[in-house]
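**Q** Sending over a structure as structure tokens; questions will come in a sec.
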Amino acid sequence: MSKFTIEGGTPLKGKVKVGGAKNSGFKLMIAALLSDEPTTLHNISDIRDVAVMREIIENLGGKVLVNGDHALRVEPKRITKFEVPTELANKSRASSMLMGPLLARFGKAILPLPGGDKIGARPLDRHLTGIEQMGASFDQVRNVLTVKASSGLAGSSYSFVKNTHTGTDTLILAAVLAEGMTVLKNAAAEPEVEDLINLLNLMGAKIKRTAPRTIEIQGVNRLHGIDYTVMPDRNEAGTFACMALATKGDIVIENVRSYDLTAFLKKLDEIGAKYEIIDTDSFVNENLRVYYGGSLKAANVVTNPHPGFMTDWQAVWTTLMTQAEGESIIHETIFENRFNYIPFLVEMGAKIELFNPKVDEPEGFYNFNWEDNKPEYFHAAKVIGSSVLSAIKSTVPDIRAGATLTIAALSAEGTSTIDGIEHIERGYEDFEKRLASLGAKIRKVD
């Protein structure tokens, strides 16, 4: 096990490059399994979620080869298995997305219920109902799911009850080789979903978004391999921006797409943060300078599906608000239990109160399944800033909370110790090295 030791109080300055999107790279590896031909993915981050998916593909019989700097070549031709081992599925929530490729190849898939961050129930009902409507049947024994479609999948019209990013990905992956037309309504609109659609269309799929939340997929007989560049990670961009402001620094975040950050940048405007798009040589790859230009004002945030303020920015934003002047309310609507990092911030000296706002018809308002809610869960945090934070010894509960505790430690007085950094490494490549390059006094200890 490894940990970070962080001495706070140093403003971050310099340049840092955002990697390929965590929430895109590993699922594009899954999409590559829909063809027998090799697919090479560029700008793919060297993170644990990608490493786990590489293990899964190789366990199934395929090959994943390093093909240059941040590039992997996925060779699926020799896949012979349709069962994902439990020990690998437990390391990632992505295993459910393997349903489509495995059903297309074998008419059967055996998938242990996926693991990943413990930030909510992550229900599979929205995936399975759609797959069932396409002609599959499924059976669950303990924590293992068996899905069958011996006659193949057929297109259908399916409307998601609530927004689901992973569910939309799963049904797209299932529909591209299904017979006939599939129409997905109330489908997710996240940029990472578009990245998947772009890849598949270049591979020969016929997918188009006919409305902001309607996707039509005409099934095809086969797909071919391609070279493809993974989109930049907007989660990382938000994390580094919050770090720059919380430490009163000045950094340039390279390889971003500002149109993916619209909701985040609007909030920077609201709090009085300084930023500018610089050195732009194309609409695809931009550089974002974020710098502290004076005291920050508190601002309320409600997390929502894209194009709203994304839930993965919630934790780092909450930490930034501890350094802003005034009272801010952060209302989490996507996951039912995503404030497990708050006690650590309170221990460091932050003034935060968890509560449940009054909401009319919460079953429809919240994106999680209301039956998964519990009395001990809180859905909003009131932050009163600014606070002087003190060093802490803590253990990371999930990826975004890990980034949050790192921001807090960088802003705090004294030296903090953060254990459980394997969660951080699931989503951030060489996190401590990149922070050190910005002047952070951070060290990884094994």
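The values are calculated or read from the model by the stated rules, or taken from the named source; none is laboratory data. Predicted model only: the values in this text are computed from it and were never measured. No Cβ is skipped: glycine too gets one built from the backbone with ideal geometry, and neighbour counts run over all protein chains shown.
**Q** Please enumerate the residues belonging to the stretch 238-264 that are under 24 Å from A440 (Cβ atoms) and free of Cβ contacts under 8 Å to residues at least 60 places away in the same chain.
**A** Of the residues in the stretch 238-264, the ones under 24 Å from A440 (Cβ atoms) are 238-256, 261, 264.
Across the stretch 238-264, the qualifying residues are A241, L261, F264.
**Q** Hey, another quick one. In the stretch 122-165, which residue that is part of a helix (DSSP H, G or I) and closer than 22 Å to N23 by Cβ is nearest to the chain's Cα centre (by Cα)?
**A** Just the residues of the stretch 122-165 that are part of a helix (DSSP H, G or I), to begin with: 125-133, 165.
Going one step further and asking which of them are closer than 22 Å to N23 by Cβ, we end up with 125-128, 130-131, 165.
Numbers: D125: 20, R126: 18, H127: 18, L128: 21, G130: 22, I131: 23, H165: 9 Å.
Among those residues, the one meeting the criterion is H165.
**Q** How do the pairs read when you match residues in the stretch 164-177 that are under 15 Å from M310 (Cβ atoms) with residues anywhere that are acidic (D, E) and outside any helix (DSSP H, G or I), using Cβ under 8 Å and keeping only pairs 6 or more apart or on different chains?
**A** Between residues of the stretch 164-177 that are under 15 Å from M310 (Cβ atoms) and residues that are acidic (D, E) and outside any helix (DSSP H, G or I), the close pairs are H165/E190.
**Q** If we only count strands (runs of 3 or more DSSP E) wholly inside the stretch 1-60, which ones have 1 or more residues that are within 29 Å of A409 (Cα to Cα) and touching a strand residue (DSSP E or B) at 6+ places or on another chain (Cβ under 9 Å)? Can you show your working first?
**A** Working: elements: 3-7, 13-17, 39-42.
Counting at least 1 such residues, we get 3-7, 13-17.
**Q** I'd like to verify a number: residues in the stretch 362-381 that are surrounded by fewer than 18 Cβ atoms within 10 Å (Cβ to Cβ) and in a strand (DSSP E or B), how many?
**A** Matching residues across the stretch 362-381 total 0.
**Q** To continue, here is another question. Regarding the stretch 180-200, can at least one residue be identified that is acidic (D, E), part of a helix (DSSP H, G or I), more than 30 Å from Y292 (Cα to Cα) and not assigned by TED's automatic domain parsing to the domain that holds D430?
**A** Our first condition is that a residue be acidic (D, E); within the stretch 180-200, this holds for 190, 192, 194-195.
Now restrict to residues that are part of a helix (DSSP H, G or I): 192, 194-195.
If we keep only those that are more than 30 Å from Y292 (Cα to Cα) too, we end up with 194-195.
Okay, now just the ones that are also not assigned by TED's automatic domain parsing to the domain that holds D430, so 194-195.
Yes, the stretch 180-200 contains at least one residue that is acidic (D, E), part of a helix (DSSP H, G or I), more than 30 Å from Y292 (Cα to Cα) and not assigned by TED's automatic domain parsing to the domain that holds D430.
**Q** Can you confirm whether the stretch 201-220 contains a residue that is closer than 22 Å to S92 by Cβ, buried (at least 19 other Cβ atoms within 10 Å of the Cβ) and touching a strand residue (DSSP E or B) at 6+ places or on another chain (Cβ under 7 Å)?
**A** Going residue by residue through the stretch 201-220, those that are closer than 22 Å to S92 by Cβ are none.
Looking through the stretch 201-220, none of the residues is closer than 22 Å to S92 by Cβ, buried (at least 19 other Cβ atoms within 10 Å of the Cβ) and touching a strand residue (DSSP E or B) at 6+ places or on another chain (Cβ under 7 Å).
**Q** Still on this structure: Scan the stretch 319-339 and report the pairs whose first residue is assigned by TED's automatic domain parsing to the domain that holds A298 and among the basic types (K, R) and whose second residue is surrounded by fewer than 24 Cβ atoms within 10 Å (Cβ to Cβ) and not in a loop (DSSP other than H, G, I, E, B), with Cβ atoms within less than 7 Å and a gap of 6+ or a chain change.
**A** R338/T311
Results for (1) under 25 Å from T247 (Cα atoms); (2) crowded, with 22+ Cβ neighbours inside 10 Å, shown as yes or no for each residue.
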site: T319; (1), (2): yes, yes
site: A324; (1), (2): yes, yes
site: I330; (1), (2): yes, yes
site: P343; (1), (2): yes, no
site: G349; (1), (2): yes, no
site: F355; (1), (2): no, no
site: D360; (1), (2): no, no
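**Q** So M181 ticks every box in (1) touching a residue at least 24 places away in the same chain (Cβ under 8 Å); (2) touching a helix residue (DSSP H, G or I) at 6+ places or on another chain (Cβ under 8 Å) but one. Which box is left unticked?
**A** M181 satisfies every listed condition except (2).
**Q** A further question on this structure: Could you grab me the full set of residues in the stretch 82-110 that are at pLDDT 90 or above and either under 16 Å from M29 (Cβ atoms) or small (G, A, S) (or both)?
**A** Hits for the stretch 82-110 are V84, M97, L98, M99, G100, P101, L102, A104, R105, G107, A109.
**Q** Can you confirm whether the stretch 323-334 contains a residue that is closer than 30 Å to T10 by Cα, at pLDDT 95 or above, in a loop (DSSP other than H, G, I, E, B) and not aromatic (F, W, Y)?
**A** Yes, the conditions are met somewhere in the stretch 323-334.
**Q** Sort out which residues of the stretch 61-80 are buried (at least 16 other Cβ atoms within 10 Å of the Cβ) and assigned to a loop (DSSP other than H, G, I, E, B), and write them in order of number.
**A** G62, N67, H70, P76, I79, listed by residue number.
**Q** Sticking with this one: When the stretch 180-192 is examined, which residues are found to be surrounded by 16 or more Cβ atoms within 10 Å (Cβ to Cβ) and within 24 Å of G152 (Cβ to Cβ)?
**A** Selection gives T182, V183, L184, A187.
**Q** Between a residue in the stretch 428-444 that is on the phi > 0 side of the Ramachandran plot and in the same structural domain as P11 (by TED's automatic domain parsing) and any residue that is outside any loop (DSSP other than H, G, I, E, B) and not aliphatic (A, V, I, L, M), which pairs come within a Cβ distance under 8 Å, given they are 6 or more apart or on different chains?
**A** G439/K13; G439/G14
**Q** In this structure, is G349 touching a residue at least 12 places away in the same chain (Cβ under 8 Å), over 28 Å from D233 (Cα atoms) and either assigned by TED's automatic domain parsing to the domain that holds T322 or in a loop (DSSP other than H, G, I, E, B) (or both)?
**A** Numbers: touching a residue at least 12 places away in the same chain (Cβ under 8 Å): yes; over 28 Å from D233 (Cα atoms): yes; either assigned by TED's automatic domain parsing to the domain that holds T322 or in a loop (DSSP other than H, G, I, E, B) (or both): yes.
Considered against the rule, which asks whether it is touching a residue at least 12 places away in the same chain (Cβ under 8 Å), over 28 Å from D233 (Cα atoms) and either assigned by TED's automatic domain parsing to the domain that holds T322 or in a loop (DSSP other than H, G, I, E, B) (or both), G349 comes out as yes.
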